[in-house]
Amino acid sequence: MRVTPCQAALAGAIGLNLLLLYCAWRGPGASPPSCRPPRGVPGVTVLLRDFEDFENDLAGTARSFASLPVPVLVAAETAPYPPVPLPAGVDLLPLRPAVDRPPPLARPELHVRTRHVALVPDGTRAVPGLLERMRDALEEGAGDTRLVAAPVGSAPLRCLELRLEPRAWTARYGPATPGVCRAVEGTAVLLLRTRDLFALPFPLARPVPTALFIQAAFRGWGLRVMPAAFPAARRPPISPHGRWKAGNLAETRQRRLMRDFGIKREVLADGRERWYGCGKETARCFGTVHARTPQYLLAGRWTPPCCLRALRETARHVTGELEAAGVRYWLEGGSLLGAARLGDIIPWDYDVDLGIYREDVGKCRWLAAAAAAPVEDAEGFLWEKAAEGDFYRVHYSRSNRLHVDLWPFYPRGGVMTKDTWLGHPQDVEFPESFLRPRVPMAFAGFTAMAPNNARAFLELKFGPGAIENPEYPNPAVKRLGQD
């Protein structure tokens, strides 16, 4: 059958109408790629993300950039309150899903059509042509350059190195070496390729600069700093209440970001440290330990630094109380191993072990009281008799159950033994001569008492070469070097 031109035109019109009906049925933003404008349109989209609801320059910033021939989007969990009169052509993208809104509307990547996107901080003013120069600098940069930063205001940006230590849960900033820039200090507009931004697991997490720098550092992305600056808006001073509120919100966002990124400690360029892990008032950073293998080891990490810090504090406190009471104690098991190797707790250990003479238990009022019921001392450490057997635990606090185990040994025929055996490698009887005398040993930032021949003691418990051949607590579950 021969198809006439009129029939072909009619069939094409019907097909086009069916496609349009399908796209409308799918809903805005939910349509397949064929229903949307092609992605990767040349140009730069301005994305406004970092601003406060209660005091902001969002309308002025949006108006300034909307005067340029660029699309401007405002991304926020919900519409700002108090309401902000956004200029015509500036779209608000609510990021928080709602039951009455199709999920794709909460996906900003579906609304950014340009090849490049600029994250612009609140209070910035546009400069004609500067976004395009940033885009050109990105495309002309070295192979690992994925971010371009331009300062906002008169203060220059300071380029920083950023090293991530995932096993140690640490982000470490420092002065940048020539040709290496992973982060900047100061307020900046950040430009990158749209595909790079939305390939990140947390593309619009706040605070935006910190979130982007850390995710970029994980991927080895380089950053280039532009000399030209965007002007900062002249704004009235923020009210005292506004400063307080903004500070609290910034702290909350920073903590949430660090939690999501698995960072417990930041070391700043000036040497100061910021901690985001557990404290006395919180639970510890990991749950119940099974098969002597904490969950963080299975995830390829070592003991969170906040936990090591808490263990050091607890060990120092407990040994101080024991020494003051005249209780004879010594470093046991993995704790002695850490002292012999490093003078510290083993980086992947989750508790501290001390041996004590059982006959000395009554000398320490906290141990004597703990035999009847858990007792909290004046500094908030919790002493208790362990439910698993005849030994004691001293917890960092009632909430945070990082602990020091105290194992009561007694001599029998010149051999030190005890009544509770849990099947750990260090659960081995040993000659009392190792404790006659006990000797001081550096451990966890203080001096503790230890057996007089640490090497022989450890090789008796763990086998030959125990000091030189580190291993995880249960190699049958996870071996060192399998990370």
Worksheet, complete the sentence: Taking the range 345-372 and keeping only residues that are under 18 Å from PRO440 (Cβ atoms), among the aliphatic types (A, V, I, L, M) and in contact with a Lys or Arg (Cβ under 7 Å, 6 or more places away or on another chain), one is left with ILE345, ILE356
Item to complete: Evaluate the range 36-55: report whether one residue or more is more than 30 Å from VAL127 (Cα to Cα) and at pLDDT below 90.
Response: yes
Worksheet item: So, in the range 224-255, of the ones that are touching a residue at least 40 places away in the same chain (Cβ under 8 Å) and not hydrophobic (A, V, I, L, M, F, W, C), which residue ends up nearest to ALA155 (Cα to Cα)?
Response: PRO231
Worksheet item: How many residues, within the range 422-440, are more than 17 Å from LEU406 (Cα to Cα) and open to solvent by 40 Å² or more (accessible area, probe 1.4 Å)?
Response: 6
Item to complete: Mind counting the residues in the range 285-301 that are in contact (Cβ under 8 Å) with a residue 60 or more places away in the chain and either on the phi > 0 side of the Ramachandran plot or open to solvent by 50 Å² or more (accessible area, probe 1.4 Å) (or both)?
Response: 4
Item to complete: Given the conditions (1) surrounded by 20 or more Cβ atoms within 10 Å (Cβ to Cβ); (2) in a loop (DSSP other than H, G, I, E, B), report the number of the one that ASN469 does not fulfil.
Response: (1)
Fill in: Test set (1) in contact with an Asp or Glu (Cβ under 7 Å, 6 or more places away or on another chain); (2) at positive phi - GLY445 fails condition number
(1)
Worksheet item: Which of the residues spanning the range 256-272 are in contact (Cβ under 8 Å) with a residue 60 or more places away in the chain and either under 26 Å from ARG125 (Cβ atoms) or not hydrophobic (A, V, I, L, M, F, W, C) (or both)?
Response: GLY262, LYS264, ARG265, GLU266
Worksheet item: Taking the range 316-332 as the region of interest, how many residues are open to solvent by less than 10 Å² (accessible area, probe 1.4 Å) and under 31 Å from the mean Cα position of the chain (by Cα)?
Response: 1
Practice prompt. State yes or no: is PRO156 closer than 26 Å to THR252 by Cα and in contact with a strand residue (DSSP E or B) (Cβ under 9 Å, 6 or more places away or on another chain)?
Written response: no
Worksheet item: Which of the residues that make up the range 61-97 are closer than 19 Å to ALA205 by Cα, among the small types (Gly, Ala, Ser) and in a loop (DSSP other than H, G, I, E, B)?
Response: ALA79
Item to complete: Enumerate the pairs (first residue in the range 454-483 and within 15 Å of GLN426 (Cα to Cα); second residue anywhere and among the polar types (S, T, N, Q) and part of a loop (DSSP other than H, G, I, E, B)) with beta-carbon separation below 8 Å, excluding pairs fewer than 6 apart on the same chain, so at least 6 apart or on different chains.
Response: LYS461/GLN426; PHE462/GLN426
Worksheet item: Going by the structure shown, is LEU95 at pLDDT below 95 and open to solvent by less than 40 Å² (accessible area, probe 1.4 Å)?
Response: yes
Worksheet item: Failed condition for GLU313, given (1) among the acidic types (Asp, Glu); (2) surrounded by fewer than 14 Cβ atoms within 10 Å (Cβ to Cβ); (3) not in a loop (DSSP other than H, G, I, E, B), with all others met?
Response: (2)
Practice prompt. Could you tell me whether the range 344-356 includes any residue that is surrounded by fewer than 22 Cβ atoms within 10 Å (Cβ to Cβ) and modelled with pLDDT under 95?
Written response: no
Response to the item:
Taking the range 158-170 and the residues there that are farther than 18 Å from GLY222 by Cβ and part of a strand (DSSP E or B), the one that is farthest from the chain's Cα centre (by Cα) would be GLU165
Worksheet item: Out of GLU140, GLU77, GLU109, GLU132, which single residue is at pLDDT below 95, within 17 Å of ALA228 (Cβ to Cβ), of a type in the set (Asp, Glu) and open to solvent by 40 Å² or more (accessible area, probe 1.4 Å)?
Response: GLU140
Discussion item. Conditions first: (1) within 24 Å of PRO347 (Cα to Cα); (2) surrounded by 16 or more Cβ atoms within 10 Å (Cβ to Cβ); (3) of a type outside the set (Asp, Glu). LEU480 passes all but one, so which condition is the exception?
Written reply: (2)
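The values are calculated or read from the model by the stated rules, or taken from the named source; none is laboratory data. Keep in mind the model is a prediction, meaning the values are calculated, not measured. Backbone-built Cβ (ideal geometry, glycine too); neighbour counts: all protein chains shown. We work out accessible area using only protein heavy atoms, side chains counted, and drop any ligands, DNA or RNA first. Shrake-Rupley method; radii C 1.70, N 1.55, O 1.52, S 1.80 Å.
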